[in-house]
1. Answer yes or no as to whether F338 is at pLDDT 95 or above and within 16 Å of ligand 2 (Cβ to nearest atom).
2. Hey, could you check region 116-165 for residues that are of a type in the set (D, E, K, R) and at pLDDT below 95 and say which is farthest from ligand 2 (Cβ to nearest atom)?
3. Only one residue in S268, S278, S320 is surrounded by fewer than 18 Cβ atoms within 10 Å (Cβ to Cβ) and within 16 Å of ligand 2 (Cβ to nearest atom). Which one?
4. Conditions: (1) assigned to a helix (DSSP H, G or I); (2) surrounded by fewer than 24 Cβ atoms within 10 Å (Cβ to Cβ). F228 meets all but one. Number of the miss?
5. Take the residues in region 283-322 that are part of a loop (DSSP other than H, G, I, E, B) and under 24 Å from E84 (Cβ atoms); name whichever of them is farthest from ligand 1 (Cβ to nearest atom).
6. Given the conditions (1) surrounded by 15 or more Cβ atoms within 10 Å (Cβ to Cβ); (2) in contact with a Lys or Arg (Cβ under 9 Å, 6 or more places away or on another chain), report the number of the one that S234 does not fulfil.
7. Does region 152-182 hold any residues that are among the small types (G, A, S) and over 17 Å from the mean Cα position of the chain (by Cα), and which are they?
8. Has region 323-332 got at least one residue that is farther than 19 Å from A74 by Cβ, among the aromatic types (F, W, Y) and within 16 Å of ligand 2 (Cβ to nearest atom)?
Amino acid sequence: MLHSMLLLAVLLLGFQPMLSTPVISETDNEQSSRSCFPALDFRKPLFLPNDNSHWWCDPSTEYAFVGFSYEVTACQTREQLHKEFYDIRHHFKSRYVRLYGACDREGFYDDIVDAAWANTLGVHALIWFGFNLDDIWIGRRDILLAALHTNPKAKFVTRVLQFGSEPLFDGVLPHDQLAEQVLLAKANLSSLNIPVTVSELAFGYQERGGAQDVLDAIDSINIHMLPFFAQDASTADQAWPLVQRDLQWFIDHGNGKKMYFDENGWPSVTSPSVQPNSPLAVADIPNEHEYYILLDQHCEDLKSVVGGGVGWFAHIYSDSMEPGYGIYNISGDMKFPFEPRTHC
Ligand SMILES: *[C@@H]1O[C@H](CO)[C@@H](O)[C@H](O)[C@H]1NC(C)=O
Ligand SMILES: *[C@@H]1O[C@H](CO)[C@@H](O)[C@H](O)[C@H]1NC(C)=O
């Protein structure tokens, strides 16, 4: 029985079985106990552990730049996911991808898991509501929950399951029903030890009376930090007080939970869906760049925030995913140098 479980683990990990060698040497054991997923120095163990309880890095190490938002509405092929996740990990030193949008192709989340595992990336998975205020998210929820249970590697790459994007701001569900959905998903995933959150703006909570029931239900706080839309926005280099204002609201109401800026950036152009609320807000490539410089300059400030510091994602990997927010433009060229700090 044990032997067949080991063999199964070997097959799952994609290693050739090495039947005549010891399972794990003392040195490997020490190494793997020091290494945590998805740290930049993570070394893949020979065998997956039985569960993920000692698998993830301590949240207090997950501050500064952690990775990219990555829109999947294009239903990328497995090959493209592998190629771009390789770039995300090895070119930019990312630890995570945060999914955005939805692909309803059968088995798509298995492709995500495969590409993430191959490239040592954790995933902030997403139940996508879309913008039509319909019930399509219910089927997506069930498919994703089932995939998390069925794919044996899913619990080793899925750091958190998000409901999003901005269900409170968009008014998809009353906040008490959203909180109930979070609790149901947590119960569904408890045997897998996968936490659940909501991907949302401070304003989304604030305009629903604070939605404390949602804040209490979620395991981590996945914040949309989009200061370009503030009524007092100007240039990105002046945005720190705007960031602090929203962050402080979550510090005041979030009960010390781990926080991420998971949808976080500044656009290089405006578009019909990206319009400022301040006449002084500037959208151009230097300001998109400047916003990330600002976050780098405040690395120590973000590190010291309650809950183990704020980890931030760059929204978004490519302009082909969301116009103006990409690190890459639609020709596939980088719009500015991007080497954010991963620690400080
Ligand atoms: C979780 O939800 C999925 C989708 O509805 C379902 O297939 C699965 O049986 C549920 N598992 C548990 C443990 O509740
Ligand atoms: C993408 O960036 C490259 C390099 O800066 C530039 O030459 C090209 O014109 C850009 N493409 C678009 C569509 O803006």
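The values are calculated or read from the model by the stated rules, or taken from the named source; none is laboratory data. The model shown is predicted, which means the values in this text are computed figures rather than measured ones. Virtual Cβ from ideal backbone geometry, glycine too; neighbours counted across all protein chains shown.
1. It is true that F338 is at pLDDT 95 or above and within 16 Å of ligand 2 (Cβ to nearest atom).
2. Residue satisfying both the conditions and the ranking: D135.
3. Sole residue among the options that is surrounded by fewer than 18 Cβ atoms within 10 Å (Cβ to Cβ) and within 16 Å of ligand 2 (Cβ to nearest atom): S320.
4. Going through (1) assigned to a helix (DSSP H, G or I); (2) surrounded by fewer than 24 Cβ atoms within 10 Å (Cβ to Cβ) one by one, F228 breaks only (2).
5. Here the residue is D319.
6. Answer for S234: the failing condition is (2).
7. If the condition is that a residue be among the small types (G, A, S) and over 17 Å from the mean Cα position of the chain (by Cα), then G171, A179 are the ones that fit.
8. Within region 323-332, not a single residue is farther than 19 Å from A74 by Cβ, among the aromatic types (F, W, Y) and within 16 Å of ligand 2 (Cβ to nearest atom).
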